[in-house]
Amino acid sequence: MMTVSIQDEELRKAAEEGFDAFLNLVIDKTRNAMGGELTAENMAQMSSNQITLMGYAMLRDELMDGGFIQLIHNGYGPFFFRNPFDAAMRNWGVVELCRLMRRAKKQYLRYREEIEKEMNDDEFMALYEKIPAFEDLDDEFVSNEEKWSEQVAVYVDEHLTELVEIKN
């Protein structure tokens, strides 16, 4: 497991601020420990829980910014749809997100070639009109993001020592 150190006082303070602050602290510390980007090299040093947490952070960032079309176009489709990320979310208790990811996978398989090809900004933006299949999925994620992030935070809190090293 990659060593991610967090001061106990930092954790307490973040937890007092709420689940978002707590979750973001653990995500930020993990992101810093891995050098800022999830790569094959640093994934080999991470636990499955650390990889899942960083996957959730990437998913949330991409979907809140530009939806599934952006996520796929930016090259993250294989990570989310060719790996057991959906099952990991189910195991973490985020069952509705697991279901959403499975529905999104069907659309990914149908449209991935078109979305993943090289294109200019105008062509990319046109994808949102051309492929409306992701619109409801994007809306569902945005509508449930807070609840799902809280569920992820609960899992992280209950399994904290599997994710980080707490320093006094």
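The values are calculated or read from the model by the stated rules, or taken from the named source; none is laboratory data. None of the values given here were measured: they were computed from a predicted structure. Quick reminder, even Gly has a Cβ in these numbers, built from the backbone with ideal geometry, and neighbours come from all protein chains shown. Just so you know, the surface numbers come from the protein's heavy atoms only, side chains and all, with ligands and any DNA or RNA stripped out. Shrake-Rupley method; radii C 1.70, N 1.55, O 1.52, S 1.80 Å.
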query = Taking amide H positions as placed 1.01 Å from N in the peptide plane, with prolines and chain starts having none, which residues 5 or more places from Q7, or on another chain, fall under 5 Å of its amide H?
reply = K167
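Exceeding 31 Å between C-alpha atoms, which entries from my cross-link table qualify? They are K29/K147; K105/K167; K13/K106.
K105/K167; K13/K106
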inquiry  = Show me the three semi-axes of the equivalent ellipsoid for the chain, from the C-alpha gyration tensor (sqrt of 5 times each eigenvalue), largest first, rounded to whole Å.
reply    = 30, 17, 14
ask   = At what distance in angstrom do the alpha carbon centres of region 6-31 and region 97-128 lie from each other?
value = 33
task = Go ahead and set up a Gaussian network model of the chain, Cα springs under 10 Å, then flag whichever of K29, K117, K105 fluctuates most.
result = K117
Region 85-94 - phi-based ³J(HN,Hα) in whole Hz, Karplus 6.51/-1.76/1.60, Gly and Pro as x = 4, 4, 5, 4, 5, 4, 5, 7, x, 9
remark   = Sparse-neighbourhood loop hits (GluC sites (Glu not before Pro), region 89-166; DSSP loop; Cβ within 10 Å at most 10 others) -> E118
query = Per residue, what accessible area does the chain have, given a 1.4 Å probe and all protein chains present, in Å²?
reply = 54
task = Compute the long axis of helix 19-33 from its Cα atoms, compare it with the longest principal axis of the Cα atoms of the chain, and write down the angle in degrees, 0 to 90, nearest 10.
result = 90
note = Quick calc: nm separation of the 7 Å Cα→Cβ label points for E158 and D61 -> 2.7
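Pop out the carbon and sulfur fraction of the accessible area of region 93-168 as a percent, whole number, probe 1.4 Å.
Here it works out to 43 percent.
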request  = Compute the acute angle (0 to 90°) between the alpha-carbon long axis of helix 48-73 and the principal axis of greatest extent of the alpha-carbon atoms of the chain; round to the nearest 10°.
outcome  = 30
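Contact order normalised by length for the chain, with contacts defined as Cα pairs under 8 Å and 6 or more residues apart; what percent is it?
Working: 151 pairs, mean separation 60.4, N = 168.
That works out to 36 percent.
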task = Kindly provide the helix-only [θ] at 222 nm of the chain, computed as the sum of -39,500 (n - 2.57) over DSSP H runs of four or more divided by all residues, to the nearest 500 deg cm²/dmol?
result = -23500 deg cm²/dmol
request  = Name the most mobile residue of R112, R31, R82, meaning the one with the largest mean-square fluctuation, in a Gaussian network model of the chain with Cα contacts below 10 Å.
outcome  = R82
request  = May I ask you to derive the FRET efficiency for R110 and E145 from their Cβ-Cβ distance with R0 = 22 Å, giving the value to the nearest 0.05?
outcome  = 0.35
